[in-house]
Amino acid sequence: MADKLLITSSPHIRAAKTVRSIMLDVVIALVPASVAAVVFFGVKAFGVLAASTISAVLAEYLYEKAVKRPVTVGDLSAVVTGLLLGLTLPPAVPLYVPVVGSAFAIVVAKQVFGGLGTNFVNPALAGRAFVLAAWPLHVTSAWLNPLTMDAATGATPLHAFKGGQAAGSLVDLLIGNRLGSLGETSAIAILLGGAYLLMRGVIDYRIPVAYLGTLGLGVFIFGKPGALFQGDPLRGILLGGAMLGAFFMATDYVTSPVTPKGRTYMGIGAGLITLLIRYWGDYPEGVTYAILLMNLATPLIDKFVVPRYYGYAHDVAARRKANRAGGELS
């Protein structure tokens, strides 16, 4: 009861949305991608998602109990982190990888800095970056053929696309019938989830539009080896984890800029970095590091992209009028 009487400094948000309701919307939006992953990759996909999510919730509960903080697993933020991390992993990855990755994401990237709202990078992406550094072969090669459920060792469509080879039909890319991580195969599932978040007002359209638009334009210009302005922007957007990152990770409230213009800049920056890593780096996908780097740049963006105060335009017009009048009198 005493906690309800504590009042922090203004401004105060007077709205029906709570952290739990927002996180519940994100969980609902992730259902299509999660279901698509299980449909295409079977019980192994379910195991990865379950291990990642349970580990995230347990890590948050145990850490908060250990340091005697109020337990916040009920706000569902740990569930979101676990689901997102699981969706960035391949279906045949050993289960200890998502377990350790989720624990790292919750404890090191979130709780050590004070919990939800004080983390400076997206926890799920921090967890993916950690497991990618710790077990690179598991994270980049544990593929399953979605038709046969057999282990696959071939290049993913993104690998092939980077080398100028065929990357599969658009139908396969949209539906999800291809090699890849759990959340990067079915573009339709990601679009359904992203559309739900936009309709619910949970995310700002500027970040995904700027991100995917910048990436698509870059792919069109530089995407075809040995030629300019002949790339395939649609495949460049559909391949890899760009869509999952643009709708579900770059839009994170805590680690994205507060102003509309700042969010646009973040999307553009993430698109450019993804493009640079894809086409001029050794690693075929750059979504993880692109968004993490822009998370780190967010305080700088917020510092220099300052929102105009109420009455700014009227004040500027009045000053210009006064300056003109002064010039005429002189």
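The values are calculated or read from the model by the stated rules, or taken from the named source; none is laboratory data. Everything numeric in this text was worked out from a predicted model, so none of it was measured. Note that we place each Cβ from the backbone using ideal geometry, even for glycine, and neighbour counts take in every protein chain shown.
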Report the residue count in the range 180-216 for those that are among the hydrophobic types (A, V, I, L, M, F, W, C), in contact with a Ser or Thr (Cβ under 8 Å, 6 or more places away or on another chain) and at pLDDT below 95. 1
Does A297 count as part of a helix (DSSP H, G or I) and touching a residue at least 40 places away in the same chain (Cβ under 8 Å)? no
Mind counting the residues in the range 217-251 that are assigned to a helix (DSSP H, G or I) and crowded, with 20+ Cβ neighbours inside 10 Å? 14
Report the residue count in the range 64-92 for those that are assigned to a helix (DSSP H, G or I), surrounded by fewer than 19 Cβ atoms within 10 Å (Cβ to Cβ) and either in contact (Cβ under 8 Å) with a residue 24 or more places away in the chain or in contact with a strand residue (DSSP E or B) (Cβ under 6 Å, 6 or more places away or on another chain) (or both). 2
Just to be sure before I move on: is Y283 in a loop (DSSP other than H, G, I, E, B) and modelled with pLDDT under 70 in the structure I sent? no
Would you please name the residue that is nearest to T185 (Cα to Cα), looking only at residues in the range 32-53 that are buried (at least 24 other Cβ atoms within 10 Å of the Cβ) and under 17 Å from the mean Cα position of the chain (by Cα)? A33
Matching residues, the range 82-113, being closer than 21 Å to L179 by Cα, aliphatic (A, V, I, L, M) and within 16 Å of the chain's Cα centre (by Cα): L83, L84, L85, L87, L89
Residues that are surrounded by fewer than 17 Cβ atoms within 10 Å (Cβ to Cβ) and of a type in the set (K, R): does the range 94-112 have at least one? no
Scan (1) surrounded by fewer than 16 Cβ atoms within 10 Å (Cβ to Cβ); (2) hydrophobic (A, V, I, L, M, F, W, C); (3) within 19 Å of A126 (Cα to Cα) for the single condition A56 breaks and write down its number. (1)
For R263, all conditions in the list (1) over 26 Å from G115 (Cα atoms); (2) over 12 Å from the mean Cα position of the chain (by Cα); (3) buried (at least 21 other Cβ atoms within 10 Å of the Cβ) hold save one; what is the number of the exception? (1)
Quick one: in the range 143-159, of everything that is buried (at least 18 other Cβ atoms within 10 Å of the Cβ) and under 25 Å from T53 (Cα atoms), which residue is modelled with the highest pLDDT? L144
Would you check if there is a residue in the range 160-179 being at pLDDT below 90, surrounded by 21 or more Cβ atoms within 10 Å (Cβ to Cβ), outside any helix (DSSP H, G or I) and polar (S, T, N, Q)? no
